[in-house]
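The values are calculated or read from the model by the stated rules, or taken from the named source; none is laboratory data. Since this is a predicted model, take the numbers as computed values, not measurements. Positions of Cβ are generated from backbone atoms using ideal geometry, with glycine treated the same way; all protein chains shown enter the neighbour counts.
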2 protein chains.
Amino acid sequence: MLAEIITIGDEILIGQIVDTNSAFIAQQLNAIGIRVKQISSVSDDKGHILTALAEAKNRADVILITGGLGPTKDDITKKTLAEYFDVGLIENKDALANVEAIFLRLRGTLTNMLDVNKQQALVPENCEVILNKNGTAPGMWFNVDGKIYMSMPGVPHEMMYMMEDSVIPKLKATLKLPVIIHKTILTAGEGESYLAQKIEDIEDSLPSHIKLAYLPKLGQVRLRLSGYGEDAITLKQEIDTFAARIVERVGNAVIAQEDIPLEKAILNKMGANGLTLSVAESCTGGYISHLFTQHPGASKVFLGGGVTYANELKEELLGVKSATISQYGAVSGETVTEMVEGAVKHFKSDYAIAVTGIAGPDGGTEDKPVGTVWIGVSNGGKTQIKKFTFGNKRVQNIERSAISALSMLNTLLGENIK
Amino acid sequence: MLAEIITIGDEILIGQIVDTNSAFIAQQLNAIGIRVKQISSVSDDKGHILTALAEAKNRADVILITGGLGPTKDDITKKTLAEYFDVGLIENKDALANVEAIFLRLRGTLTNMLDVNKQQALVPENCEVILNKNGTAPGMWFNVDGKIYMSMPGVPHEMMYMMEDSVIPKLKATLKLPVIIHKTILTAGEGESYLAQKIEDIEDSLPSHIKLAYLPKLGQVRLRLSGYGEDAITLKQEIDTFAARIVERVGNAVIAQEDIPLEKAILNKMGANGLTLSVAESCTGGYISHLFTQHPGASKVFLGGGVTYANELKEELLGVKSATISQYGAVSGETVTEMVEGAVKHFKSDYAIAVTGIAGPDGGTEDKPVGTVWIGVSNGGKTQIKKFTFGNKRVQNIERSAISALSMLNTLLGENIK
């Protein structure tokens, strides 16, 4: 079962926004056994959209469309779909009720409702309306000549709710989908080729209905087993058996046996052991805190910390000695040691991370070029520090510092808990 | 002049990574007057890539390809390009020297260099090699039948350097590009339709070679004027005149007259006035700090702050009274007031932002459902607080809280500085 995602609108084509919708949709489809064959981003142009729909129909069974459903002149998806299917537009009662309810909630009255607002309830007459709980543009489901077309708003949270609540359940109910089971093993600290060599014989012994994918990303590699079959129980047993062999072989590099980010694996591990964490961030400037706190339940483990950009805050919040900074500099092993030990002490956490470095593009010296970063992790009793030399791109230095800090914390945790 | 971007590889199609490359490439192309007609993400499949190239050639003059240049079996872009152009592969000396230099730097010796490494220097014989300073896969430039094809690695930082250093200059030198001038006006706090109504007559009076685009995003709208012409000086004068009329009409909602994010506009404004900022983040968990600190030069304004997830840290770092939290709760106007005033005082900044709320999905009560967020901004003398009720998606609550906090700070700044 193949799908194509078509995103409509100039914002993506001019690079004004990054297309995060397609990744979300692709994940959701993959999880139910629908493979995405192509993602096409096209402009707000009738002819271009019609061509994209025709091309997609030849490649895919399911065509998911986002964008172009707003109330302005640029938004031509609905009209273009009506033309594509050669049908007219009709007003849908449920969609109109939804538009009115939203308008009423925002304005307190329907008096000033404009025609453009009402027109949000117009849909091609051959579609089934999928209600949009978060906006005025209805979703539209078409089942024509054995192909399914689903048009959704481009606003991410409107699309996300619609996918999870309506589209995925409806696809499962409508299509005969294979049983598909994924199992992901998250590893850190070893390269893709090293891992491939280490588990070569296990990979070679996989039956043809189970695939292994290597998914590398900044110091981490995800090993993902995907099984396709008809019986969920047998398939799950098979996958689990192979996964267990891989986990045993790869050993300490395994961080989690599920598809979660590194920081979430750390939160889970620390949470299960009743441990708390704080951070002292200089050059990462809040990014590590953000990584942890984006996850539900982070507060069980993550107490918080200091974003100590200014040296005065390193002293005030963490108790770093003024003499240490003036003698060794803010970016030094001595300072990062006092930062991380200060965090454990002042924030009363079991573990802490500290990072201080020169993210760039300015601030580098001959001794300490841009990209020089010191990272420390500590549990009060034991402190480990390390110097890194990254590149000269600021945003990447921040990301690489964060991932390296997480890896170091993970290693220290591994030495102390099972 | 039209372009198409083709990204090759399954990572995007399975939703494992978000395609940030295309947005970067699109921005770079737009800035030199090349419009992106379509972005296509296709799988590691020869037939599929050949079809995508043929389709793109019919739509565009410039075809930029990323991905599929690694050393593993999946990486078939090079072979497929050779087949598409019906040429053989040859070893390129410069590319080989680059592979060897990188190998030597990483391993200290060439002894263990494998055939797969050397094969990175093979390229289709009709291409011009564009050196990759950050990796072993060379860029490949083709100029065939009046169409330009440029194949780049998919690793973002390798592609980014290659675009900036080589591809953009080469496109400018090769193609006859129009003069294109953009001017962006960043506004906050007013909706797209309100703005459109307010400047309707100015928009109607634009000549046909100047376009106005409304680019809305989370509480902000960018108004972008794009002019196309032959004489840069005249065009710039024209655009500046229209921009000045729009700025005057829109008034206080104008935050910046350049294409920068809200937090960068705040940093610029505060920096120009010698003001400093600190933050006290609870539910935003470091995200606001991260927004500021991702920008070069942030340290001139941003001193840092506290990520005070745990109540103990709100007391310890910000001096919030224990009694305030127990009487009114951590998510309350009283607590956010003490947080923001505590930040100004303890972090010794001119201004501060504080945020405390229930990001969800858990932690809501009947009185304070998930999405309840209190935000405060202060300059010591004056404190403004506001309660927001967002939705129940954690990551979005964090983002919306951050943008709302930035808007409030911007308003307070506007009252105090010109």
The range B:138-183 - residue that is of a type in the set (F, W, Y) and without any contact (Cβ under 8 Å) to a residue 60 or more places away in the chain and, of those, nearest to B:A56 (Cα to Cα): B:W141
Subset of the range A:321-350 (residues that are of a type in the set (G, A, S) and more than 14 Å from chain B (Cβ to nearest Cβ)): A:S322, A:A323, A:S326, A:G329, A:S332, A:G333
Where A:N117 falls short, out of the listed (1) more than 25 Å from the chain's Cα centre (by Cα); (2) surrounded by fewer than 17 Cβ atoms within 10 Å (Cβ to Cβ); (3) not aliphatic (A, V, I, L, M): (2)
Report, by residue number, each residue of the range A:293-311 that is more than 7 Å from chain B (Cβ to nearest Cβ) and either surrounded by 24 or more Cβ atoms within 10 Å (Cβ to Cβ) or over 25 Å from the mean Cα position of the chain (by Cα) (or both). A:V301, A:N311
All conditions in (1) without any contact (Cβ under 8 Å) to a residue 24 or more places away in the chain; (2) within 12 Å of chain A (Cβ to nearest Cβ) are true of B:K314 except (1)
Looking at B:E248, B:E192, B:E200, which one is surrounded by 15 or more Cβ atoms within 10 Å (Cβ to Cβ) and charged (D, E, K, R)? B:E192
Can B:E258 be described as more than 14 Å from every other protein chain (Cβ to nearest Cβ) and either touching an Asp or Glu at 6+ places or on another chain (Cβ under 7 Å) or charged (D, E, K, R) (or both)? yes
Identity of the residue in the range A:364-396, within 10 Å of chain B (Cβ to nearest Cβ) and crowded, with 19+ Cβ neighbours inside 10 Å, that ends up modelled with the lowest pLDDT: A:K393
Can you name the number of the only condition in (1) touching a Ser or Thr at 6+ places or on another chain (Cβ under 9 Å); (2) more than 20 Å from A:A31 (Cα to Cα) that A:I181 fails? (2)
Leading residue by the ranking (farthest from B:L171 (Cα to Cα)) among those in the range B:21-44 that are of a type in the set (S, T, Y) and in contact with a helix residue (DSSP H, G or I) (Cβ under 6 Å, 6 or more places away or on another chain): B:S43
Applying the selection to the range A:162-187, what residues are more than 25 Å from A:R224 (Cβ to Cβ) and surrounded by 19 or more Cβ atoms within 10 Å (Cβ to Cβ)? A:M162
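Select from the range A:11-62 the residues that are assigned to a strand (DSSP E or B) and within 7 Å of chain B (Cβ to nearest Cβ) and write down the one among them that is surrounded by the fewest Cβ atoms within 10 Å (Cβ to Cβ).
Filtering first and then ranking leaves A:K37.
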Restrict the check to the range B:255-275 and report whether at least one residue is part of a loop (DSSP other than H, G, I, E, B) and acidic (D, E). yes
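Residues checked against (1) surrounded by 15 or more Cβ atoms within 10 Å (Cβ to Cβ); (2) in the same structural domain as A:Q396 (by TED's automatic domain parsing); (3) within 20 Å of the chain's Cα centre (by Cα):
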residue: A:P207; (1), (2), (3): no, no, no
residue: A:K211; (1), (2), (3): no, no, no
residue: A:Y214; (1), (2), (3): yes, no, yes
residue: A:V221; (1), (2), (3): yes, no, yes
residue: A:L225; (1), (2), (3): yes, no, yes
residue: A:Y228; (1), (2), (3): no, no, no
residue: A:I239; (1), (2), (3): yes, no, no
residue: A:A243; (1), (2), (3): yes, no, no
Determine whether the range B:280-287 contains at least one residue that is within 7 Å of chain A (Cβ to nearest Cβ), over 22 Å from the mean Cα position of the chain (by Cα) and closer than 18 Å to A:L313 by Cα. no
Working carefully through the options A:K176, A:K170, find the one that is closer than 27 Å to A:G146 by Cα and either at pLDDT 90 or above or touching a helix residue (DSSP H, G or I) at 6+ places or on another chain (Cβ under 7 Å) (or both). A:K170
Are there any pairs with C-beta distances below 6 angstrom linking a residue in the range B:184-196 that is touching a residue at least 24 places away in the same chain (Cβ under 8 Å) to a residue that is of a type in the set (F, W, Y), with the two at least 6 apart or on different chains, and if so which? B:E192/B:Y214
